[in-house]
Amino acid sequence: MGIVEGAFLGLVQGLTEFLPISSSAHLAIVGTLIGADDPGAAFTAICQLGTEAAVIGYFRKDIARIISRWVQSLLGRVPRTDPDARMGWLVILGTVPIGVLGLLFQDSIETVLRGFVVIATTLWLFALVLGAADRFGAKERTLDQLTWKHGVLFGLAQALALIPGVSRSGGTISMGLLLGYTREAAARYSFLLAIPAVVLSGFFQLFSEVHDGAAVAWGPTIAATIVAFVVGYVVIAWLMRFISTHSYRAFVLYRLAAAAVVYVLVLTHVLPAFNGTNFG
């Protein structure tokens, strides 16, 4: 994979990370179609650092306030029931499931679960979940009503994104809608919740690659990360405006269409049923 391919995959990452359509699935599919093969879990995790930098930049004021109040709650200067301090604790709590499951099932995540039949199946299956959640969710709760129980459920939904095709934002947004949160509240918490998980995963993969002495394509990876940051920032701004007046129906239809296309590509042997790179 060269720098041009890496930059293109960064574009794909930036466009798809925050939309409920699964960036990891798109990276695997597009990477294989352009001849770069599935970039793999390590490339994906490091590239996601770019999009998470976009989240931090976009929500920088909220994040700074949450961290400040959380630290003050540790020092006893503000009560732990303070909304921002409480949000800090809820983000930490919601990060635990994906951290534990990611470590326990790391081998499967990087091999078996990256098969294209799995990706196609999760694309349409969770399209139905998102559609049902958006259709039947009450959409009344705001983030100041977030409970500890709901924080855990959001975290479990985020952990499902370890399977390509589920979508980190799609899983957590669907859970939020099912729990009765507004579209804006579910999306905002989804983005905040992703920060520690993605940043820790990215640096863990980076450390692992360096420690193991693996041949890392640093040029393409860095190019992808930079492009993902720029494009991701634009997409966040657009999505937060879009969902204030629109449903998620367009994303549901897109996921169903994408799943159908992947099945056809697998049946015509354009894409392998399983990822040859990781199964060889």
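Bear in mind that the values in this text are calculations on the coordinates, not laboratory data. Values in this document were obtained by computation on a predicted structure and should not be read as measured data. We place every Cβ from the backbone using ideal geometry, glycine too, and count neighbours over all the protein chains shown.
Label points 7 Å out from Cα along the Cβ direction at Arg135 and Leu267: separation in nm?
2.4 nm
Jot down the per residue volume, in cubic angstrom and as a whole number, of the convex hull over the alpha-carbon atoms of the chain.
Considering the Cα atoms of the chain, their hull volume per residue is 118 Å³.
What spacing in nm lies between the two simple spin-label points modelled at Leu33 and Val230, each 7 Å away from Cα in the Cβ direction?
2.3 nm
For helix 83-104, what angle does its Cα long axis make with the longest principal axis of the chain, in degrees from 0 to 90 and rounded to 10?
30 degrees
Going by how many other Cβ atoms sit within 10 Å of their own, how do His26, His269 line up, fewest first?
His269, His26
Divide by every residue of the chain the summed helix terms, -39500 (n - 2.57) for each DSSP H run of at least 4, and state the resulting mean residue ellipticity at 222 nm, rounded to the nearest 500 deg cm²/dmol.
Mean residue ellipticity, 222 nm, calculated: -24500 deg cm²/dmol.
Give me the one-decimal nm value for the distance between modelled label points at Ala250 and Leu125, 7 Å along each residue's Cα-to-Cβ direction.
Each label point lies 7 Å from its Cα, and together they span 2.8 nm.
Pulled fully out, how much extra length does the chain show between Val100 and Phe207, if you take 0.36 nm times their separation in residues and subtract their Cα-Cα distance?
Separation in residues times 0.36 nm, less the Cα-Cα distance, equals 36.7 nm.
Compute the long axis of helix 148-159 from its Cα atoms, compare it with the longest principal axis of the Cα atoms of the chain, and write down the angle in degrees, 0 to 90, nearest 10.
10 degrees
So, with +1 on the Cβ of K and R and -1 on the Cβ of D and E, and no other charges, what is the size of the charge dipole of the chain about its Cα centre, to the nearest 20 debye?
1060 debye
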